[in-house]
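Any read-out appearing in this document is the output of simple, stated calculations on the displayed coordinates, not a laboratory observation. As the structure is a computational prediction, the values presented were derived from the model and not from experiment. Cβ: placed from backbone, ideal geometry, glycine included. Neighbour counts: every protein chain shown.
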Amino acid sequence: MSLLVRKVDKYPLWSKDTAVPFLEQNDSPADVLSDLRTKENRISVYVLAQDKSNLERVVRAIAAGKDRIEHTAYIVFDSQIVSDAGIEIVEVPGETGDTEVNSLHRDLVLTGRKLVELAVGILRDGEQVQRILREEMVQLVEQGIAAGELPEVYRKKIPTKK
């Protein structure tokens with residue numbers, strides 16, 4: 001199976017400590033579902049190398065696609081969680097500024113029940129949620145631009161230093 005990564009906004013809610021009381025009931029906090037917002041019954045994830053050597057590049061590409069560079073939280077989980085929930089994985093090109101990362105994009109095709117199963121599976125068996133702070137993300141984006149992995153236009157998304 002492969003590793004998948006999803007950007008999340010509600011960083012504290014994905015903490016294993018927060019989820020324990022819910023997981024004991026084979027459930028999840030309702031608020032985490034807002035981080036799994038669907039569009040046409042699908043959510044976006046990206047495939048990672050087994051050694052996670054491309055993790056920073058993938059998270060950087062996702063973060064750089066936003067209006068401005070901010071703290072970015074993400075959660076890594078095994079695709080077995082998706083398979084166990086009977087969720088279809090569809091290969092769809094991503095829309096980041098990094099063409100290599102775009103080739104790693106997948107859509108998960110969901111129903112309401114499968115969405116909840118996915119949330120429970122990620123909370124139970126996924127890795128602990130991680131966050132890259134704004135300052136580090138700015139450096140990663142600058143490195144991506146310098147390496148030609150991100151377009152120069154992304155430089156204007158970098159907050160100016162005060």
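Some observations on this one:
- Simple spin-label estimate for Glu142 and Asp17 in nanometres, 7 Å along Cα-Cβ: 3.3
- Whichever aspartates and glutamates have a C-alpha closer than 17 Å to that of Lys10, once near sequence neighbours (fewer than 8 apart) are set aside: Asp31, Asp35, Glu70, Glu127
- Exposure proxy order (Cβ contacts within 10 Å, fewest to most) of Ser53, Ser15: Ser53, Ser15
- Remark: relative contact order (region 3-157) = 32 percent; criterion is Cα-Cα distance under 8 angstrom and separation of 6 or more residues.
- Spin-label pair Asn26-Arg113: with each label point 7 Å from Cα along the Cα-Cβ axis, the two points sit 1.2 nm from one another.
- Förster radius 25 Å - calculated FRET efficiency between Asp9 and Lys39, Cβ distance, rounded to 0.05: 0.95
- The equivalent ellipsoid that matches the C-alpha gyration tensor of region 34-79 spans semi-axes of 18, 17, 9 angstrom, in descending order.
- Relative intensity of the chain on a log10 scale, I(q)/I(0) at q = 0.09, 0.10, 0.14, 0.20 Å⁻¹, equals -0.29, -0.36, -0.70, -1.31, per a Debye sum over C-alpha point scatterers of equal strength in the absence of solvent.
- Charge dipole (debye, nearest 20) of the chain; +1 at Cβ of Lys and Arg, -1 at Cβ of Asp and Glu: 620
- Rounded FRET efficiency, nearest 0.05, which uses the C-beta distance separating Glu95 from Arg124 and R0 of 41 Å: 0.85
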